[in-house]
1. Residues in the stretch A:455-497, backbone N under 15 Å from the label point at A:ALA228 (7 Å along the Cα-to-beta-carbon vector): list them, ranges by number please.
2. A:CYS785 to A:TRP420: extension gain in nm, 0.36 nm per residue of separation minus the Cα-Cα distance?
3. Sequence gap at least 6, Cα distance under 8 Å: using those rules, report the relative contact order of the stretch A:15-112 to the nearest whole percent.
4. Give me a single rounded figure for A:714-720: the average over its residues of other chain Cβ atoms within 10 Å of their Cβ.
5. If I model a spin label at A:ARG980 and A:LEU577 as a point 7 Å from the Cα along the Cα→Cβ vector, what separation in nanometres do I get?
6. Where Lys and Arg each count +1 and Asp and Glu each count -1, what net charge lies around A:ARG71 among other residues with Cβ under 15 Å from its Cβ?
7. Helix A:542-553: angle to the longest alpha-carbon principal axis of chain A, degrees 0 to 90, nearest 10?
8. ³J(HN,Hα) across the stretch A:459-472 via Karplus (A = 6.51, B = -1.76, C = 1.60, θ = phi - 60°), whole Hz, x for Gly/Pro?
Amino acid sequence: MRLQHGGQIDRGQKISFRFDGQYYKGHPGDTLASALLANDVRLMGRSFKYHRPRGVLAAGSEEPNALVELRTGGRQEPNTRATMVELFDGLQAMPQNAWPSLRFDALAINDRLSNFLTAGFYYKTFMWPAVFWEKLYEPIIRRAAGLGSITTRPDPDSYDKGYLHCDLLVIGAGPAGLMAALTAGRAGARVILADEDFRMGGRLNADRQTIADMAGADWAAQAVAELAQMPHVRLMPRCTVFGAFDHGIYGAVERVSDHLATPPEGKPRQTLWRIYSKRALVCAGAIERPIAFANNDRPGIMLAGALRAYANRWAVSPAQDVAIFTNNDTGHRSAADLMALGVHVAAVIDTRPDAPPLAGTEVLAGAQVTDSAGRLGLRAVTVRLGNGQSRKLSVGALGVSGGWNPNLGLTCHQRGRPLWDEGIAAFIPGATLAPGMAVAGAAMGQFSTHAALATGAEGARAALADLGHNTPAPDLPRAEDAPTRITPFWHVAGTKRAWLDFQNDVTIKDVKLAHQEGFEAVEHLKRYTTLGMATDQGKTANLGGLAVMAELTGQSIAQTGTTMFRPPYTPVALGALAGRSSGRDFRPTRLTPSHHWAREQSAVFVEAGLWLRAQYFPRAGESHWRESVDREVLATRASVGVCDVTTLGKVDVQGRDAAEFLNRIYCNGMAKLAVGRVRYGLMLREDGIVFDDGTAARLAEDHFVVTTTTANAVPVFRHMEFARQCLWPDLDVQLISTTEAWAQFALAGPKSRAVLERLVDGGFDLSNAGFPFMACAEVSICNGCRARLFRISFSGELAYELAVPARYGDALIRKIMEVGADYDITPYGTEALGVMRIEKGHAAGGELNGTTTARNLGLGRMVSTAKDSIGAVLSRREGLAAPDGLELVGLRPVNPQSQIPAGAHLLAQGAALVAANDLGHVTASCYSPNLGSYIALGFVKNGAARMGETLRAASPLTGVDLEVQITSPHFYDPEGERLRA
Amino acid sequence: MIIPHPLLGPCDAQEFTYLGDASLIARPDGMAEGAADAFHDYLYLRDNPAGLHRELWYHEQGDRSWLVVTRNTLTHEIVKAELARDVARAEGRGR
């Protein structure tokens, strides 16, 4: 119900929202939880395991119960805490874990079966047979358990990432945080003040108290207004600092548009901030903890501080008649605040025999709540009085306070170990905090408002002093300074189920069982019972569970210890972590210089790393890709083809010692390569495995251009820089990656020279004698455009690669097509490229796969023994030179029209299909239109000695099993006459 | 993490690529006697200290410097960052 007066809500405006199919009204300033309570909705969800009716427990981000599915369609979001949802007009929310309805949930049968659903239930029940897991157990568990459901529709909103820097990051804008920000801000420091709430002020908004003779909330508003005027202070409400990372870096999520129905045009839904702070002050406050008693999970039973927060901040109470159950003085404060707002407090049930009196209500000293009643919401509680008599109180809400835990999360993210503080019966941050981090206020166990203000100011001053700025101590506004008075009391003895962890349905009985079965250590207790898991990470539950375990083991809580807190503090949406990196923007797309031209030719593209390359160029009438590819191959071999090969990595190597450097990088000799010549080169890793292959072209005495495979362009460059800087720091050599700087086209086929003659400017001798195979030169083409020409061939034909500055790439491909028209020049894509290289037996990705040696590739003799080069020594290891090593071979199916699946394994004919009989495998396969047969490359043990043998090629994955014959890998023009023509 | 680049000042670790132990600088001479054993030790035997560790980071999204970063593997505190080239020279890898 909504109270008559008070609250930080705009009563003048009504907004309408929908929960579980019903329409309700609330006010701006409400959360979904406060608005539901105002509408007398106490039942907000069903529990995870037993499907018990549940209402809201807390008023902040620690909420374990009131989880809803918010919004609809692609924006539907499960596990949203109703306490953190700012009400907006048209909001739609559905309860979770309830079917067919919230009031009648079929799976509430689990509650009757609770004797079977105890701790370790999964481990004990779903054990065997193993095949049942996938088919039976997992689907059942997934349906019955789980919190909420996700949408499978794409998220229509965008998420951003941002970077911020500051002198002092203040985390939490309660009294400590506000005072810290004021102190540092007034001193001129760059301050960021972040708070997860949409309204800054922390407990000042939730309590009736005065600061400097004004209402706490008003003082907070005034402080925020002052901070907002400071240009070097950034206020970040709706922003959760969720993790403390290395070197003063903090992760934060700002819910930019979560409080609106849809994000405004151009605005993200959320922003993930990486905050670089010189110093950070954790002012994250404290979280109240419950006391466990029988049936303490009914809607209407909540934390006393939350009951007080709902009344003070939102002017709502779940009921007209309430009671308080406490072991400390703050329970009395809740009762006083409620009475001041006109709520009837039936009694304060205080476990302490020496409980102080309270004006306006009865204090039942030394009493305990032993049970509760009310099927879908609290109706009454049973109290055992100090004298042993029993009394029943008819109340619709019970506020429970078992004391307050400093909010330790962030203080533990960098190995901080909490310490037990007897005085407040809670863990406080330990001495080892992240460098640059300090704690103030309730987060360090200083619970009075005065102490919060004082430690906040002091924390800011200390941080600034650390950074070399002396700041005067501010005049602290006057505020309450009540001592913390608590007598620890964790649970009421009894035989009925009493809940410790509401979100995971962990009861005292489960902890007892864990103890009985030997899972006593806190980390074991957590895993065995699921205490402290899931979305709330046990913020209200952990200590109660530890206290029960401590009792059972006879140890103190300090000895029992606590589980560690890890990031994130509260759940972070994957969308926020992904930011803009989703869909097509997941990673950059690189386009080749001829991309636009190729698109005009209706090319089909394929991803090659980040690149989009033309795969083939279908022509009218071609209905299957093979038709296009076969045509491209045949046309190239018959006349001339052109292919964009820009994606191959290019590294410019210059300097007096360039040749010597390359001689150490490649396993084959490079030092004596003549100017104007190109050489094939093989790079090894230091462990002797082949790293990459390519060509080195010597343009001048001190200038080489090296090519790499497309995939290894970046790793090879990194490797070369490593060698240059770390291994041979005084070689006179400079490197630069020029992959993007040059557009490069392969012209292949017997007519390629004729086409080239029409491009290269006069005076350059292109004849076979003048520019032979493996020649290179800097030339001028198309009347003065500078270019580089290499006579190299991947296709096995007479071929050239012609490179021009990348900006001329588009013009060049169009020019090549124009001058090549007389020869019916044919553009070809990566498929035809692949067919021609397999026909030639050239190694590529399938063979250079990071496990093969030069010897495997039939290139063993390339590894020079006359010099030291990277990988040479270990390539000669015994194990890599075994006599039955794999060797590259060609494979032809006995039936030429049988396709050989890549990845098929090779065995002796008639051998059983088991790993022990494995002789090798197929690495690349295609149809060769020149041979009229399918062909393949593969590795076979002792392959070179097995020419002509017939083997079995089996691919259980594709169901193909056929006979293949071992041949030379050089299917086409094995003597290389064509490329030297 | 933030790496204090000796030339560029503090840089986010995201700009770097990690390689590993800085002992990779001490590459043996492949032509020397016993090179195979030396390379085996060089490549496969590493210390894995709980504490200060010298390691190689490459400023790939930056100036392409290879750095030797001395980092405490327990706390991630970085106590030193040097140009690997200077370290290599100091270890006698210069001419």
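The values are calculated or read from the model by the stated rules, or taken from the named source; none is laboratory data. Given the structure is predicted, the values throughout are model-derived calculations rather than measurements. Here the Cβ positions follow ideal geometry from the backbone for every residue, glycine too, while neighbour counts run over all protein chains shown. Only protein heavy atoms, including side chains, enter the accessible area calculation; ligands, DNA and RNA are left aside. Shrake-Rupley method; radii C 1.70, N 1.55, O 1.52, S 1.80 Å.
1. none
2. The A:CYS785-A:TRP420 span can extend by a further 123.7 nm.
3. 33 percent
4. On the way: counts 2, 1, 0, 2, 6, 2, 0.
For this peptide, the per-residue mean of nearby foreign Cβ atoms is 2.
5. Between A:ARG980 and A:LEU577, the label points sit 5.9 nm apart.
6. -2
7. 80 degrees
8. Those phi angles translate into x, 5, 5, 5, 4, 5, 4, 4, 8, x, 10, 8, 10, x Hz.
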